[in-house]
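No lab work stands behind these numbers, since they all come straight from the coordinates. What you are looking at is a predicted structure, and each value in this text was computed from that prediction instead of being measured. Counting neighbours? That spans all protein chains shown, and the Cβs are built from the backbone with ideal geometry, glycine included.
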Amino acid sequence: MLSEYGVTLERLTADHADALLAFERENRSYFALSIADRGDEFFEHFAEILDARLVEQAEGVCQFHVLVEPGGAVVGRLNLVDVENGSAELGYRLAERVTGRGLATAAVRAIVRIAASDYALKQLTAGAARANVASWTVLERAGFQRIAETEGPRPQVVYELSLEGL
């Protein structure tokens, strides 16, 4: 899947731990430009956090996916969180070095199909920082509709997508 971009979309496993941590470290300052920084504790306790996420995944509360290059490097994450009553919230992030080529849009479209087919979800929501126009564009190209804007320290644009009929 996503072979035209030289990556595969895989369900997160413990085998991705080292590559995922490297991805998060390498892109930390880039991610902090548009989303809240995970903080030092995330990196100090990464193994425990990953274990907890894998338990959530096994319980069906969340579904985590990574974009992986042939050599095993992780270049993106796509997460379906708070899976409940046929809906979930989509979150995603890509390595700075792979942006600007359409990969984010292709990956979001792929996870939308997986959400509908593999997890039987009926609706997705997603948020993007008001200043992150690139993320708005990705969501809109993937079929999401803007439904609201939030206020606060990190104002967001909120999107929604019905998966009925996919």
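Please enumerate the residues belonging to segment 20-50 that are free of Cβ contacts under 8 Å to residues at least 24 places away in the same chain and acidic (Asp, Glu).
Here is the first cut: in segment 20-50, the ones free of Cβ contacts under 8 Å to residues at least 24 places away in the same chain are 24-25, 28-29, 32-33, 37-45, 48-49.
24, 37, 40, 41, 44, 48, listed by residue number.
In segment 31-64, what count of residues is obtained for those that are closer than 18 Å to residue 99 by Cβ and surrounded by 15 or more Cβ atoms within 10 Å (Cβ to Cβ)? Before you say what the answer is, go through the steps one by one.
Quick first cut of segment 31-64, residues closer than 18 Å to residue 99 by Cβ only: 31-35.
Now drop any that are not surrounded by 15 or more Cβ atoms within 10 Å (Cβ to Cβ), which leaves 31, 34-35.
Total satisfying the criteria: 3.
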Item to check | Number of the condition not met by residue 17 [criteria: (1) surrounded by 16 or more Cβ atoms within 10 Å (Cβ to Cβ); (2) out of contact with any helix residue (DSSP H, G or I) (no Cβ under 8 Å at 6 or more places or on another chain)] | outcome: (2)
Checklist entry - Restricting attention to segment 80-92, does a residue exist that is part of a loop (DSSP other than H, G, I, E, B) and either more than 18 Å from residue 139 (Cα to Cα) or polar (S, T, N, Q) (or both)? => result yes
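Answer with yes or no whether residue 166 is surrounded by 14 or more Cβ atoms within 10 Å (Cβ to Cβ) and either touching a residue at least 40 places away in the same chain (Cβ under 8 Å) or not in a loop (DSSP other than H, G, I, E, B) (or both). It would help to see each step written out before you state the result.
Working: surrounded by 14 or more Cβ atoms within 10 Å (Cβ to Cβ): no; either touching a residue at least 40 places away in the same chain (Cβ under 8 Å) or not in a loop (DSSP other than H, G, I, E, B) (or both): yes.
No; evaluated as a whole, the condition is false for this residue.
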Item to check | Failed item, numbered, when residue 154 is tested on (1) outside any helix (DSSP H, G or I); (2) under 14 Å from residue 79 (Cβ atoms) | outcome: (2)
Checklist entry - Of the conditions (1) closer than 19 Å to residue 54 by Cβ; (2) within 14 Å of the chain's Cα centre (by Cα); (3) surrounded by fewer than 18 Cβ atoms within 10 Å (Cβ to Cβ), residue 105 fails just one. Which one is it? => result (1)
